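These notes concern the structure reproduced below.
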Amino acid sequence: MKKPLLILSGCLFAASTFAQENTAKTFWDDPVNHPLASLYVVTALLLVVVILVAFVGIYMVKVLNTLTEQARKVNAEKSGIAYVPLQSWWQRFAQRMNASVPVEQEKNIEMDHSYDGIRELDNHLPPWWKWLFYGTIGWSVVYIIVFHFSASLPLSLEEYQQEVAVAEEQARKLRASQPEATIDENALQYTADAAIIEKGKTVFMNNPCGSCHRNDGGGNTIGPNLTDEYWLHGGDVKNIFNTIKNGVVEKGMPAWGKSMSPQDVRDLTFFVMSLQGTKPADAKAPQGELFKQTPVGADTTATQASL
């Protein structure tokens, strides 16, 4: 008996040592080569053994009770006594908890009412039901005193407000620890930065932009074509940034600045501008005003011409 205990103790010691040295690697990462694999196998085997022993023990008790019952029946027949089966502990417990009256004793609780041969018995509520009912009364008194009179514990609404306050404080600390770079809209200039454009494409694809403008930017029933030089709300980088950020609610354009970070809005703006001249198939007809982009560093300002 001592040897298995020593083996189990050694496994537990190895488990604690490994847990201190390496807490990042889990068992499911590499079950076969995991240092605790032996401990898990031993634990599983011990659990199987305990279950089997319990099952065999229950079965043996049942067999013993059956043999005892048969012996009592044979003795009763030899003695000429009517055989009365013994109640199991569960039957006795259930009868006590339900205060049930055996069928042969129902004459003692029979009332004088009989309807179509159906007799009425003076049965009482089960003790467990009455205890539960009395318990709810006691709990209601404690609840009223604790929550409404003494204010020892918060009510559901107060608890919700406290949890919201804690969550907002955690979010504030997280934002403070990971500050986002601000985007100066007035100084924003478009550059064909491949990394920014690729990020903007990811933002475009991960949001329902394509449902209105198509994935290639060619425009759909609702959204205009983003690949031509005609714009409804200005084609300058600042205009496009502002349109994406604040939206055009009356035309079905959401204000993505409420759900996107300034960096995402900037990246999406650059991606939209990179679609210029791609000429997708079956693109939507031009809408709005013609807008010619001014090369970066040029002295002339962008010119706009009405259709």
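The values are calculated or read from the model by the stated rules, or taken from the named source; none is laboratory data. Please read all numbers here as calculations on a predicted model, not as lab measurements. Neighbour counts run over all protein chains shown; Cβ positions are idealised from the backbone, glycine included.
Taking the criterion of being modelled with pLDDT of 90 or more and farther than 20 Å from Ala194 by Cβ, the residues of segment 255-278 that qualify are Ala255, Trp256. Residues considered: Lys173, Lys199. Of these, the only one that is charged (D, E, K, R) and within 28 Å of Phe271 (Cβ to Cβ) is Lys199.
Taken over segment 251-262, the criterion of being crowded, with 16+ Cβ neighbours inside 10 Å and either touching a Leu at 6+ places or on another chain (Cβ under 6 Å) or part of a helix (DSSP H, G or I) (or both) is satisfied by Trp256, Gly257, Pro262. Candidates Ser79, Ser38: the one that is among the hydroxyl-bearing types (Ser, Thr, Tyr) and modelled with pLDDT under 85 is Ser79.
Within segment 235-250, the residues that satisfy the criterion of being in contact (Cβ under 8 Å) with a residue 12 or more places away in the chain, within 15 Å of Tyr190 (Cβ to Cβ) and either in a helix (DSSP H, G or I) or among the charged types (D, E, K, R) (or both) are Asp236, Val237, Lys238, Ile240, Phe241, Asn242, Ile244. If you check Lys25, Lys3 for being at pLDDT below 85, more than 28 Å from Trp89 (Cα to Cα) and assigned to a loop (DSSP other than H, G, I, E, B), only one passes: Lys25. Only one of Gly217, Gly234 is surrounded by 19 or more Cβ atoms within 10 Å (Cβ to Cβ), in the same structural domain as Thr278 (by TED's automatic domain parsing) and under 13 Å from Val272 (Cβ atoms); which? Step by step, each of Gly217, Gly234 is checked, and only Gly217 is surrounded by 19 or more Cβ atoms within 10 Å (Cβ to Cβ), in the same structural domain as Thr278 (by TED's automatic domain parsing) and under 13 Å from Val272 (Cβ atoms).
Scoring Met97 on the criteria (1) modelled with pLDDT under 85; (2) closer than 30 Å to Val63 by Cβ leaves a single failure, condition (1).
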